[in-house]
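Colleague: Before I ask anything, let me first share the structure, which is written out below as structure tokens.
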Amino acid sequence: MTTLSAGVVEALRAALPADRLLLDDDVVASYVHDEAEWAPHGRPVAVVRPRTSAEVQAVVRACGEHRVPVVTRGAGTGLSGGANAVDGCVVVSTEAMREIRAIDPVERYAVVQPGVVNDDLRAACAAHGLWYPPDPASAPWSTIGGNVATNAGGLCCVKYGVTRDYVLELEVVTGTGELVRLGRRTAKGVVGYDLAGLMVGSEGTLGIVTEVTVRLRPARPAERTVVGYFASVVDAGRAVEAVGAAGIVPSALELVDRHCLAAVDAWKNMGLSVDADVVLLGRSDAPGPAGDAEADGMLRCFTGAGATWAAASTDSAEAEALFSARRLAYPAVERLGPVLTEDVCVPKAAVPEMLGRVEAAARRNDVLIANIAHAGDGNLHPLIITPPGDDAARERAQVAFAEIMRDAVELGGTVTGEHGVGLLKRSGLALEQSPAVVAMQRAVKAALDPLGILNPGKVLPDE
């Protein structure tokens, strides 16, 4: 341990209750990386599990004094390496900050600490007849703080938007250890710059979120589900384009290809991969006849795009099983070997072309690419799978990864729709944004984190 490291550990011992500080090597090792298994990580000198904003302040001030990096971590479900430790850092885990402080049914907002699990918040809101829409596939495990850090989306964001659309106010510890409130709880407010919006998606590089106030919606009616089977991802992409062209805004429109279906079947024995190479799952939550019309419209779009079979589901249990399979697709594919996860987003009209380019990248580089997608808003998740221990395949996978990012930008899209830049897509940020825009972001980083201690080496490319 270096002199700086020893100094910060002693400072943390003095500033925090003893049970907040973790130093055991085996325990610390469980906090060093997220779910992006291809992203590098370092070795922290300590892990801190604060329970209050004041304790987070104490950590940042101690680290600032000793010029020690601070990496904030939620549940560790990220897929870009954004929460990965760097050598000599202190990891701040918000997992113990789990308090739901308020749910206001009149103003329709909830106030939570960052360690609250997404599904736990949704369940608490449901008891008041309210709903928190952002629903990443990791919702049973991911935390609101992590969702804020990456501006997480999910299955229903095609209609209801992403995390930033629901964040009203944040309490944040800055890189200098100041505790500030950003945003407002009122329905309207335009005082100054939108610093709360700036924090959402900043991946812990601009501040540490210690409290979140989120907007809620009324509970929604039961959804109608439409299922389509397709012979190729390109045909399914044409159906997605047709739904958009028809002016239909589904509450979900998800794509799962044969590789993912087979992986789920092998794991859970659900029998999904027998009849289809690709499945599109559409949903409408519009009430009454409007919902019937949307479901009928999606059915026509699926059929017109060449579905080998399509129908509106009349069995709610069967429909829920299909969406459960969609949520299980990523962990099922992980069982096949190391997975390099893409997260590109393109305009709806470009979805068929982008899916075709993904398949071309797989053929060109001789790699297996499975596809899941929030297809309704063009957010595609090609999953590049390599055999364990096959270094040559890993190199080819990284080439395909870069090609897919370039293709997305070329088609008017972005290199990450919801997973964040983290470590894996820093080169993609430089590909997508001009040097002038990157310089603006560096200026913001320098202003809010003048000591450069907050999650260094993430998001922005090397100069």
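Colleague: I'm trying to understand the selection: among the residues of region 76-93, which are in a loop (DSSP other than H, G, I, E, B) and either touching a Lys or Arg at 6+ places or on another chain (Cβ under 7 Å) or of a type in the set (Gly, Ala, Ser) (or both)? Please lay out each step first, then the result.
Modeller: First, the residues of region 76-93 that are in a loop (DSSP other than H, G, I, E, B): 76-89.
Those that are in a loop (DSSP other than H, G, I, E, B) and either touching a Lys or Arg at 6+ places or on another chain (Cβ under 7 Å) or of a type in the set (Gly, Ala, Ser) (or both): GLY76, GLY78, SER80, GLY81, GLY82, ALA83, ALA85, ASP87, GLY88.
Colleague: Return a yes/no flag: does region 30-50 have any residue that is under 29 Å from the mean Cα position of the chain (by Cα), open to solvent by less than 40 Å² (accessible area, probe 1.4 Å) and within 21 Å of LEU179 (Cβ to Cβ).
Modeller: Within region 30-50, the subset under 29 Å from the mean Cα position of the chain (by Cα) is 30-50.
Next, from what is left, pick out any that are open to solvent by less than 40 Å² (accessible area, probe 1.4 Å): 31-32, 34, 36, 38-39, 42, 44-48, 50.
Next, from what is left, pick out any that are within 21 Å of LEU179 (Cβ to Cβ): 48, 50.
Yes, region 30-50 contains at least one residue that is under 29 Å from the mean Cα position of the chain (by Cα), open to solvent by less than 40 Å² (accessible area, probe 1.4 Å) and within 21 Å of LEU179 (Cβ to Cβ).
Colleague: Still on this structure: Out of all the residues in region 360-390, which are on the phi > 0 side of the Ramachandran plot and either open to solvent by 70 Å² or more (accessible area, probe 1.4 Å) or without any contact (Cβ under 8 Å) to a residue 12 or more places away in the chain (or both)? Talk me through it step by step, then tell me what you get.
Modeller: Within region 360-390, the subset on the phi > 0 side of the Ramachandran plot is 366, 378, 389.
Across region 360-390, the qualifying residues are ASP366, GLY389.
Colleague: For residues that are more than 20 Å from GLU211 (Cα to Cα) and of a type outside the set (Gly, Ala, Ser), scanning just region 141-159, find the one that is surrounded by the most Cβ atoms within 10 Å (Cβ to Cβ).
Modeller: Checked region 141-159; the qualifying residue surrounded by the most Cβ atoms within 10 Å (Cβ to Cβ) is VAL158.
Colleague: Further, regarding this structure: Just to be sure I understand, how many residues within region 204-231 are assigned to a loop (DSSP other than H, G, I, E, B), farther than 20 Å from GLY161 by Cα and open to solvent by 30 Å² or more (accessible area, probe 1.4 Å)?
Modeller: From region 204-231, those assigned to a loop (DSSP other than H, G, I, E, B) are 204-207, 216, 219-223, 231; that's our starting set.
Among the residues that remain, those that are also farther than 20 Å from GLY161 by Cα are: 204-207, 231.
Narrowing further to those that are open to solvent by 30 Å² or more (accessible area, probe 1.4 Å): 231.
Counting residues in region 204-231 that are assigned to a loop (DSSP other than H, G, I, E, B), farther than 20 Å from GLY161 by Cα and open to solvent by 30 Å² or more (accessible area, probe 1.4 Å) gives 1.
Colleague: Given the condition of a type in the set (S, T, N, Q) and over 20 Å from ASN147 (Cα atoms), answer yes or no: does some residue in region 428-439 qualify?
Modeller: Taking region 428-439 and keeping what is of a type in the set (S, T, N, Q), we get 433-434.
Next, only the ones that are over 20 Å from ASN147 (Cα atoms) stay: 433-434.
Looking for residues that are of a type in the set (S, T, N, Q) and over 20 Å from ASN147 (Cα atoms), one finds at least one in region 428-439, hence yes.
Colleague: Where residues in region 18-42 are among the hydrophobic types (A, V, I, L, M, F, W, C) and assigned to a helix (DSSP H, G or I), which of them is farthest from THR416 (Cα to Cα)?
Modeller: For region 18-42, the residue satisfying everything is ALA18.
Colleague: Name the residue, out of ALA408, ALA393, that is closer than 26 Å to ASP462 by Cα, among the hydrophobic types (A, V, I, L, M, F, W, C) and either buried (at least 23 other Cβ atoms within 10 Å of the Cβ) or modelled with pLDDT of 95 or more (or both).
Modeller: Numbers: ALA393 fails: closer than 26 Å to ASP462 by Cα.
Just a single option satisfies the conditions, and that option is ALA408.
Colleague: Next up: Out of curiosity, is ALA430 farther than 30 Å from ARG181 by Cα, outside any loop (DSSP other than H, G, I, E, B) and free of Cβ contacts under 8 Å to residues at least 40 places away in the same chain? Write out each step before concluding.
Modeller: Details: farther than 30 Å from ARG181 by Cα: yes; outside any loop (DSSP other than H, G, I, E, B): yes; free of Cβ contacts under 8 Å to residues at least 40 places away in the same chain: yes.
Considered against the rule, which asks whether it is farther than 30 Å from ARG181 by Cα, outside any loop (DSSP other than H, G, I, E, B) and free of Cβ contacts under 8 Å to residues at least 40 places away in the same chain, ALA430 comes out as yes.
Colleague: Then there's this: Would you point out the residue of region 160-178, among those that are open to solvent by 70 Å² or more (accessible area, probe 1.4 Å) and either among the basic types (Lys, Arg) or outside any loop (DSSP other than H, G, I, E, B) (or both), that is farthest from GLY74 (Cα to Cα)?
Modeller: ASP165
Colleague: Just one of (1) out of contact with any Ser or Thr (no Cβ under 7 Å at 6 or more places or on another chain); (2) surrounded by fewer than 20 Cβ atoms within 10 Å (Cβ to Cβ); (3) assigned to a loop (DSSP other than H, G, I, E, B) trips up LEU198, so point out which.
Modeller: Only one criterion in (1) out of contact with any Ser or Thr (no Cβ under 7 Å at 6 or more places or on another chain); (2) surrounded by fewer than 20 Cβ atoms within 10 Å (Cβ to Cβ); (3) assigned to a loop (DSSP other than H, G, I, E, B) is unmet by LEU198, namely (3).
Colleague: Checking PRO347 against (1) within 20 Å of ALA252 (Cβ to Cβ); (2) in contact with a Ser or Thr (Cβ under 8 Å, 6 or more places away or on another chain), only one condition comes out false. Which one?
Modeller: Going through (1) within 20 Å of ALA252 (Cβ to Cβ); (2) in contact with a Ser or Thr (Cβ under 8 Å, 6 or more places away or on another chain) one by one, PRO347 breaks only (2).
The values are calculated or read from the model by the stated rules, or taken from the named source; none is laboratory data. For clarity, every value in this text was computed on a predicted model and none was experimentally measured. Neighbour counts are summed over all protein chains in view; Cβ atoms, including those assigned to glycine, are modelled from backbone coordinates with ideal geometry. All accessible areas refer to the heavy atoms of the entire protein, side chains included, with ligands and DNA or RNA removed. Shrake-Rupley method; radii C 1.70, N 1.55, O 1.52, S 1.80 Å.
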